[in-house]
1. Looking for something over 24 Å from Asp201 (Cβ atoms), free of Cβ contacts under 8 Å to residues at least 60 places away in the same chain and either out of contact with any strand residue (DSSP E or B) (no Cβ under 8 Å at 6 or more places or on another chain) or in a helix (DSSP H, G or I) (or both) - is there at least one such residue anywhere in the range 123-135?
2. Quick one: in the range 55-93, which of the residues that are among the small types (Gly, Ala, Ser) and closer than 24 Å to Arg304 by Cβ is modelled with the lowest pLDDT?
3. With the condition kept exactly as written, say whether any residue in the range 182-192 is surrounded by fewer than 18 Cβ atoms within 10 Å (Cβ to Cβ) and over 18 Å from Ala209 (Cβ atoms).
4. Mind checking which residues of the range 194-226 are surrounded by 24 or more Cβ atoms within 10 Å (Cβ to Cβ) and either more than 31 Å from the chain's Cα centre (by Cα) or assigned to a loop (DSSP other than H, G, I, E, B) (or both)?
5. If you go through the range 256-263 one residue at a time, do you hit one that is surrounded by fewer than 18 Cβ atoms within 10 Å (Cβ to Cβ), more than 25 Å from Gln112 (Cβ to Cβ), out of contact with any Gly (no Cβ under 9 Å at 6 or more places or on another chain) and free of Cβ contacts under 8 Å to residues at least 40 places away in the same chain?
6. Whether any residue in the range 91-112 is surrounded by fewer than 15 Cβ atoms within 10 Å (Cβ to Cβ), of a type outside the set (A, V, I, L, M, F, W, C) and in contact with a Gly (Cβ under 6 Å, 6 or more places away or on another chain) is what I want to check.
7. Under 30 Å from Thr247 (Cβ atoms) and either within 30 Å of the chain's Cα centre (by Cα) or assigned to a loop (DSSP other than H, G, I, E, B) (or both) - does that describe any residue in the range 174-183?
Amino acid sequence: MRFASWYLLILFALLPYLYRQWERRKPAALPHPDAGKKLNGEVRVPAWKLRFPIVLRLAALCFLVIALMRPQQGFMADTSNRYGVDIMVCQDVSSSMTAEDFQPNRISAALQVLSDFIGSRPNDRIGLIVFGSESYLQCPLTTDHRTLLSLLSDVKVGMAEDGTAIGMALANAVKRLKDSSAKNKLIFLLTDGDNNAGAIDPETAAKLAATYGIRIYAIGIGNPQGAPIPVIDPFGRKTYAANPDGTLFLTKMNAEGLKKIADITSGGYYMASDNGKLSAIFSEIDRLEKSKFEAKSPFVYDERYSTFALTALLLLLAEIFAARSWGEVVP
C-alpha cells in the first residue's frame, strides 16, 4: 500500500484545531418534540450525545483526507522476458491471388498462414495493409489481435481494385512504422505479381524503409512458372483467363525485384510454391524476429481512494442523522 499524494498528510494537523473550535461553540437547537423541556432544563442531554456528531464529523474528515492522499495497493507484475516487434503486413488482393496452385487458392492460403502467425505473436503490434492497384490500411498497428483477425477475415480479392501497386503498399507501411519506438520494425510483403500500378516504384519505397531502419520480408506466393487465373463467367461456370491470342494467361512474378527490395533493407526474400512452404517461411521468420525486453516496472498499482471517500460520506450522513434525532446540530 502507498499514497500517491502523501504530502496531504499535513491536513491531519488541522483536525485538533477544528475540534477545539467546534467544542467552544454552543450547539444550536433544532425543532424537537421535547425542545421546550430541554430549554427549561427538564431533560438532560448526555455529554457524549453532544460530542458524538462532532466525533463523526472528525472521523469523516480523516477518511476524506486519506481519500485525497490517493491510497494505492500494489501487486507484482509479470517480470518475465517478453518479445516485442512492430509489423505491418502488406497483402496482395489482386485477381491473380485466386490462382489455385495453393489449396484452396493463394489468397485463402496466405490469410490462413497470417492468422496462425498473428496467434503466435501475442506481444507484437501488428497492422494490415491490402493492395491491388490502390493501397488501403485495413488495420493500424495494434496488440488487439482479436480485432485484427476479424478485419483479416474480411479481406478478399478485388477490394483494392485490380493491379499490383507494390511500391504504394510499401510506402504506406513505412508511413505507419516510421515513428515507432520498437527495436525491430518489419514489413511483410505477400504478393504473387510484379509492380504494375501506383506512383511509387518498389525500390524507392524500399530505400525509404531502410532510412527508418525498417526491414522488408518479401514473400513471393505462387509457382515461379506461373499459374492460370480462374474466372467465373455470367453463367456461373469456371473458366480461365486468356491472352488476346487465345492462349492461357499465366501469372507473372518478378522474383528478382522482390529480392532486391529485401536486400536494400537487409531483410529477407522467400519463395513459397505451396501451402507447406508458406507455413515454413513464417515459422522461420517467427524464430528470427524476436527482441527481448524486460518489464519496466515490477509493480502495478490500483487506486483504493473510493472506499475511503464512501466511508467519509456515510459518516457525514450518520452525523446529520444523529443531530436531527437528538435535536442538536453541530454548527
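1. Just the residues of the range 123-135 that are over 24 Å from Asp201 (Cβ atoms), to begin with: 123-126.
Within this subset, residues satisfying the condition of being free of Cβ contacts under 8 Å to residues at least 60 places away in the same chain are 123-126.
Adding the requirement that they be either out of contact with any strand residue (DSSP E or B) (no Cβ under 8 Å at 6 or more places or on another chain) or in a helix (DSSP H, G or I) (or both) leaves none.
No: zero hits.
2. To start, the set of residues in the range 55-93 that are among the small types (Gly, Ala, Ser) comprises 59-60, 67, 74, 77, 80, 84.
If we keep only those that are closer than 24 Å to Arg304 by Cβ as well, we get 59-60, 67, 74, 77.
Working: Ala59: 87, Ala60: 86, Ala67: 88, Gly74: 69, Ala77: 54.
For the range 55-93, the residue satisfying everything is Ala77.
3. Checked against the condition, which is being surrounded by fewer than 18 Cβ atoms within 10 Å (Cβ to Cβ) and over 18 Å from Ala209 (Cβ atoms), the range 182-192 yields no hits at all.
4. Hit for the range 194-226 is Gly222, nothing else.
5. The answer is yes, given that some residue of the range 256-263 is surrounded by fewer than 18 Cβ atoms within 10 Å (Cβ to Cβ), more than 25 Å from Gln112 (Cβ to Cβ), out of contact with any Gly (no Cβ under 9 Å at 6 or more places or on another chain) and free of Cβ contacts under 8 Å to residues at least 40 places away in the same chain.
6. First pass over the range 91-112, keeping only residues surrounded by fewer than 15 Cβ atoms within 10 Å (Cβ to Cβ): 103-104.
Among the residues that remain, those that are also of a type outside the set (A, V, I, L, M, F, W, C) are: 103-104.
Of the ones still in play, those that are also in contact with a Gly (Cβ under 6 Å, 6 or more places away or on another chain) are none.
No: the range 91-112 contains no residue that is surrounded by fewer than 15 Cβ atoms within 10 Å (Cβ to Cβ), of a type outside the set (A, V, I, L, M, F, W, C) and in contact with a Gly (Cβ under 6 Å, 6 or more places away or on another chain).
7. Start the filter on the range 174-183 by keeping residues that are under 30 Å from Thr247 (Cβ atoms), which leaves none.
No: the range 174-183 contains no residue that is under 30 Å from Thr247 (Cβ atoms) and either within 30 Å of the chain's Cα centre (by Cα) or assigned to a loop (DSSP other than H, G, I, E, B) (or both).
The values are calculated or read from the model by the stated rules, or taken from the named source; none is laboratory data. Fair warning: this is a prediction, and the values are worked out from it, not measured in the lab. Here Cβ is always computed from backbone atoms with ideal geometry, including for glycine, and neighbour counts include all displayed protein chains.
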